[in-house]
Amino acid sequence: MTLILAVTCAVAVGNIYFPQAIIPLIAAGLHTSPDSASLAVTATQVGYTAGMFLLVPLGDRLPHRSFLVILLALTGLGLLAASCAPTLPLLVAASALIGLATVAAQVVGPLAAGLVAADHRGAVIGTLLSGSIGGMLLARAFSGVLGEWLGWRAPYLVAAVVVLLLAVILARTVPVTTPPSRQPYPALLADSLRLLRTEPDLRRSCFYQATVFAGFSAVWTCLALHLTSPVYGMGAQAVGLLALVGGATMVCTPLAGRLVDRHGPDPVNLVCMLAVLVSAAVLAAGVWGNVPGLTALVVGTLLLDIAMQSGMVANQARVYALRPDSRSRLNTAYMTCAYLGGSAGSWLGVHAYGQGGWWGVCALVVLLTTLGLARHLAALYGRRPDSAKNPSQARVQNRPMSPR
């Protein structure tokens, strides 16, 4: 079941990223400019953000199996419509539907967290995140090769077949669970904001991920500018090759999950934030250029990827342990804050690069991570753990739900 759910995460996340590699092919096929063709990618990302806020909370209201099947069916229909789109506006509309519906990975996380005991939750979350990373990395390569061979419509068509086949598999394999909430839809949406106000551990998990993900986004947004600058003089494809180094993260996140199960999320968060600071120091050597600078960029981005994704495992384990009846709403609040942090980091990174070059970007990563680290140290030494305050409540919160 963990393998099937990890594949589901990979396919769902891959649907967001694979169109990025075929923008030139779309532009040529629909006789438009690459800038215009990139609207299909933008529409997918905007739809995904809307889906996280509008649809993911329904995971607490609807049975997980039927909800996942519906989401995958809608995604498959959107992919089929995109593969047949005769004009760019229709492709953009289909892309928005794909992004809106392909939030299955954000529904799978709360489902898996409820099906396992607390002492195995971190390992499962790490495995699911490993699937998401694999989907993100492999989707671009898959669509680029297939698009060059058979045209830009082929990746959409193949993805549609895979998604619809996966919907059939999930309909047969995912256990039926009882929805933990009977609240109406508007109340579910409002609850994500209310939980941010009432759950301090949710707020600090959101803050940790927002600051680290902001630094991560700043680095990857400005990396293309740095590699194509006179310091290196490389092409944009070098960034794609460098991104493949992050594939090692697929192996590390399950290990991080097991460490969370053994030692708790707080020590793992601490190590991950310190690792981000070390990665910033290594990345700073990228100003040297030539082989030493490129080696520093490879090692630094790999360490940054591992630290960011492992920290996400710890944060999600902490969040899912708060309220078993609200895991989808908790995940909505958490992921929305993380993506807002990433968007802000990209914007700040471009400005930091314009003012201080690559040094400015690395200094920004240090500043953002230091904010998260200071908040974490205050939490570690400023209050007792929740389990010490109310052990019986902690045991109830960590109890897995039983499928029917």
* Could you please rank 326, 130, placing first whichever residue has the fewest other Cβ atoms within 10 Å of its Cβ? => 130, 326
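Would you kindly give the portion of the calculated P(r) for the stretch 133-203 that falls above 22 Å, as a percent of all Cα pairs?
Numbers: 1428 of 2485 pairs.
In whole percent, the share of Cα-Cα pairs in the stretch 133-203 beyond 22 Å is 57.
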* To do: Using label points projected 7 Å from each Cα along Cα→Cβ, tell me how many nm separate residue 351 and residue 149, to one decimal.
  => 4.6 nm
* Structure fact -> From DSSP H assignment alone, runs of 4+ in the chain each adding -39500 (n - 2.57), the sum over residues rounded to the nearest 500 puts [θ] at 222 nm at -27500 deg cm²/dmol
* Within the set of other residues whose C-beta is less than 15 Å from the C-beta of residue 329, count the net charge using Lys and Arg as +1 and Asp and Glu as -1. => +2
* Cα centroids of the stretch 1-44 and the stretch 115-168: how far apart, whole angstrom? -> 12 Å
* Structure fact -> Quick calc: nm separation of the 7 Å Cα→Cβ label points for residue 171 and residue 248 -> 4.3 nm
* Please sort through the DSSP H helices of the chain and keep those with an alpha-carbon extent of at least 27 Å along the long axis and a Kyte-Doolittle average not below 1.0. => 64-84, 153-173, 265-284
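Could you tell me what a quarter of the Cα convex hull surface of the stretch 198-357 works out to, in nm² with one decimal place? Don't jump to the answer; show the numbers that get you there.
Values: hull surface 38.5 nm².
Computing the convex hull of the Cα atoms and averaging its projections yields 9.6 nm².
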* What is the chain's relative contact order, in percent, from Cα pairs under 8 angstrom and six or more apart in sequence? -> 24 percent
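Kindly put 143, 346, 217, 33 in sequence by how many other C-beta atoms sit within 10 Å of each C-beta, fewest to most.
Numbers: 143 24, 346 17, 217 21, 33 10.
Listed from fewest to most nearby Cβ atoms, that is 33, 346, 217, 143.
Hull surface divided by four, with the convex hull built on the Cα atoms of the chain: how many nm²? Before the final figure, lay out the partial values.
Values: hull surface 76.2 nm².
Mean orientational projected area (the chain, Cα hull): 19.1 nm².
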* Cα centroid distance between the stretch 241-310 and the stretch 78-98, in Å? -> 37 Å
* What is the order of 83, 132, 66, fewest Cβ neighbours within 10 Å to most? -> 66, 83, 132
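With r defined as the distance between the Cβ atoms of residue 287 and residue 42 and R0 fixed at 56 Å, what FRET efficiency is calculated, to the nearest 0.05?
Numbers: r = 32 Å, r/R0 = 0.57.
It comes out at approximately 0.95.
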* Stretch gain in nm, segment residue 141-residue 73, where the contour uses 0.36 nm per residue and the Cα spacing is subtracted -> 22.1 nm
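Read-outs throughout are calculated quantities, based only on the coordinates presented, and are distinct from any laboratory measurement. Computed from a predicted model, the values in this text were never measured in an experiment. Because the Cβ atoms are built from the backbone with ideal geometry, glycine has one as well, and the counts that use them run over all protein chains shown.
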